[in-house]
Amino acid sequence: MPDTTTAAHSAQTDTHRTDGDVVSRLLDNRTHHIEFNGHLTNHVKHAVVALAGLGVDPRRIQDYHDTYVSLTPYGFPVEQARPARHTIDEDNWTELLGKRVDFAAYCDFFDRREEALGLPEVLRRYVPQLLPGWAGALQHATIHLGWALDAGSRWMAIEGLAYLAFAHVSCHPERTFPAEPGRGAEKPMESLLRIAGVWDANQRELGAWADGLAEDTEAATEAGIHPELLRSGLQYRIARMLGEGHPLISEIPAWVDGQSPEASWDDLAYLVTVLYLAEPGDFLLLHLITALHAMRHIADALPGDQRHEVVRCYWTGIMGVLFSRGHFSRPGKLLALDSLFGTALDDVDDPRWTREWDWLVARAVEEEEEHNPKLVHVMRQLWQRSGGMSVYRVAAGQFTATPELPATFEEPPVD
């Protein structure tokens with residue numbers, strides 16, 4: 001008589017092994033380009049990491065992946081990978097930074113370097129030069145690298161490095177300067193409230209200035225902005241603002257170097273979550289949250305003496321992003337949210353919150369807009385890390401919608 005118990009166990013083991021391999025296989029996939037329809041980012045691997053982190057069944061993750069690549073929420077399929085057209089090497093790799101040229105060649109370059117040096121050394125050598133461009137591609141290159149490190153995916157990390165080079169838009173750390181000594185005791189939220197206060201007092205003037213920069217499309221070439229970003233709207237505004245600069249963007253508060261990077265990431269996570277709750281569902285602010293998750297993992301993968309620089313670039317970059325919008329959250333609203341959530345804690349052992357997180361995960365899995373499972377994934381980790389800060393649970397339910405593409409998309413992409 002055949003041993004049916006052993007056979008059934010073997011079948012279950014094989015199924016488990018196959019399911020367990022799904023995520024790694026999807027993250028290792030090389031068949032698709034990093035962007036589609038010009039500069040729109042292929043987010044599918046970010047969704048895979050988020051869904052896996054939320055504990056979603058691998059077969060469901062496979063279905064999510066297949067649906068996305070066949071038709072994204074923007075109404076376009078992702079594009080097939082493009083062959084390399086150049087040879088990028090140690091001597092010329094910086095020459096094409098931000099030129100949006102030959103993503104595949106950059107993948108080949110970092111693939112070779114990782115094989116020769118190992119990923120920790122590649123990160124140590126190349127990330128400091130790539131880091132100033134972290135806000136490029138609406139922060140998705142940073143997300144690609146940081147979330148790859150979170151997932152432990154070698155190939156996705158190679159893609160992330162290549163994408164950072166491909167889409168590099170500098171936040172100009174060379175312009176930064178320390179804040180006035182009198183602000184030495186300022187905390188991150190106090191820095192944000194101070195800057196929000198300046199905007200509140202000068203909203204008309206600063207808003208007109210930011211909008212004027214964005215409307216001056218003739219300045220793109222002179223400013224070194226790739227013409228494809230003119231189709232974007234948001235990406236052009238960010239690139240234009242970072243290129244122009246402002247003292248409040250370049251000023252580095254004392255806490256950036258005065259406390260540990262770990263403390264800064266905790267403070268900044270709270271700060272950007274409060275910003276998101278001030279304008280719930282805002283597509284651009286949500287990216288600051290998922291990019292912070294990425295930047296933290298990138299910093300953790302670097303030697304200790306490089307980690308403060310990651311915080312510094314993140315602060316400068318998010319100020320550029322916030323300024324680029326032409327408006328700023330009102331300080332009174334930010335202060336009210338801080339008063340409401342600054343000390344509010346959930347009991348992490350209370351089954352009510354377990355049930356609520358289960359509901360949030362279930363909702364997120366049904367969302368075609370992949371930024372929503374990413375939001376829930378990051379918020380749940382922050383909730384757990386912070387010992388149950390209520391702000392993260394509340395923010396996790398503030399889903400976003402895929403934005404309408406601007407009229408500039410009626411023009412063909414600029415390759």
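Side notes on the structure shown:
- Leading residue by the ranking (surrounded by the fewest Cβ atoms within 10 Å (Cβ to Cβ)) among those in segment 59-73 that are of a type in the set (Ser, Thr, Tyr) and touching a helix residue (DSSP H, G or I) at 6+ places or on another chain (Cβ under 7 Å): TYR68
- Top-ranked residue in segment 219-244 [being of a type outside the set (A, V, I, L, M) and over 21 Å from the mean Cα position of the chain (by Cα); ranked as nearest to VAL321 (Cα to Cα)]: GLU244
- Any chance ASP108 is modelled with pLDDT of 95 or more, assigned to a helix (DSSP H, G or I) and either touching a Gly at 6+ places or on another chain (Cβ under 9 Å) or hydroxyl-bearing (Ser, Thr, Tyr) (or both): no
- Among the criteria (1) of a type outside the set (S, T, N, Q); (2) closer than 26 Å to PHE399 by Cβ; (3) touching a residue at least 60 places away in the same chain (Cβ under 8 Å), the one LEU302 does not fulfil is (2).
- Against the conditions (1) outside any helix (DSSP H, G or I); (2) under 21 Å from ARG330 (Cβ atoms), VAL272 satisfies every one except (1).
- From the list TRP93, TRP134, TRP147, the lone residue that is touching a residue at least 60 places away in the same chain (Cβ under 8 Å) and in contact with a Cys (Cβ under 9 Å, 6 or more places away or on another chain) is TRP134.
- TRP383 meets each of the listed conditions (1) over 27 Å from LEU234 (Cα atoms); (2) touching a strand residue (DSSP E or B) at 6+ places or on another chain (Cβ under 8 Å); (3) in contact (Cβ under 8 Å) with a residue 60 or more places away in the chain apart from (3).
- Checked against (1) part of a helix (DSSP H, G or I); (2) over 21 Å from TYR270 (Cβ atoms); (3) not β-branched (Val, Ile, Thr), LEU360 meets all criteria but (2).
- Qualifying positions in segment 209-240 - free of Cβ contacts under 8 Å to residues at least 40 places away in the same chain and surrounded by fewer than 17 Cβ atoms within 10 Å (Cβ to Cβ): TRP209, GLY212, GLU215, ASP216, THR217, GLU218, ALA219, THR221, GLU222, ALA223
- Summed over segment 40-73, residues that are within 24 Å of PHE166 (Cβ to Cβ), in a loop (DSSP other than H, G, I, E, B) and either free of Cβ contacts under 8 Å to residues at least 60 places away in the same chain or touching a Ser or Thr at 6+ places or on another chain (Cβ under 6 Å) (or both) total 3.
- Failed item, numbered, when PHE76 is tested on (1) farther than 27 Å from THR354 by Cα; (2) surrounded by 15 or more Cβ atoms within 10 Å (Cβ to Cβ); (3) touching a residue at least 40 places away in the same chain (Cβ under 8 Å): (2)
- Qualifying residue in segment 254-274 (condition: of a type outside the set (Phe, Trp, Tyr), touching an Asp or Glu at 6+ places or on another chain (Cβ under 8 Å) and within 18 Å of SER170 (Cβ to Cβ)): no
- Top-ranked residue in segment 310-336 [being basic (Lys, Arg) and assigned to a helix (DSSP H, G or I); ranked as farthest from LEU405 (Cα to Cα)]: ARG312
- In the set (1) closer than 29 Å to GLU251 by Cα; (2) of a type outside the set (Asp, Glu); (3) buried (at least 20 other Cβ atoms within 10 Å of the Cβ); (4) touching an Asp or Glu at 6+ places or on another chain (Cβ under 7 Å), the condition left unmet by LEU322 is number (4).
- Matching residues in segment 276-318 - criterion: being within 25 Å of GLY152 (Cα to Cα), out of contact with any helix residue (DSSP H, G or I) (no Cβ under 8 Å at 6 or more places or on another chain) and of a type outside the set (Asp, Glu): GLY304
- Long-range neighbours under 6 Å by Cβ, at least six apart or interchain, first residue closer than 18 Å to ILE88 by Cβ within segment 110-121, second aliphatic (A, V, I, L, M): PHE110/ILE158; PHE110/LEU161; PHE110/ALA162; ASP111/ILE158; ARG113/VAL122; GLU114/VAL122
- Contacts under 8 angstrom Cβ, first residue in segment 337-356 being surrounded by 12 or more Cβ atoms within 10 Å (Cβ to Cβ), partner assigned to a helix (DSSP H, G or I) and of a type in the set (Gly, Ala, Ser), 6 or more apart: LEU337/ALA278; PHE341/SER390; ALA344/SER390; LEU345/SER390; ASP346/SER390
- Filter result (surrounded by fewer than 23 Cβ atoms within 10 Å (Cβ to Cβ) and assigned to a helix (DSSP H, G or I)) within segment 295-309: HIS297, ASP300, GLY304, ASP305, GLN306, ARG307, HIS308, GLU309
The values are calculated or read from the model by the stated rules, or taken from the named source; none is laboratory data. All values reported here derive from a predicted model rather than from experimental measurement. Reconstructed Cβ throughout: ideal geometry from the backbone, glycine too, with neighbour counts over all protein chains shown.
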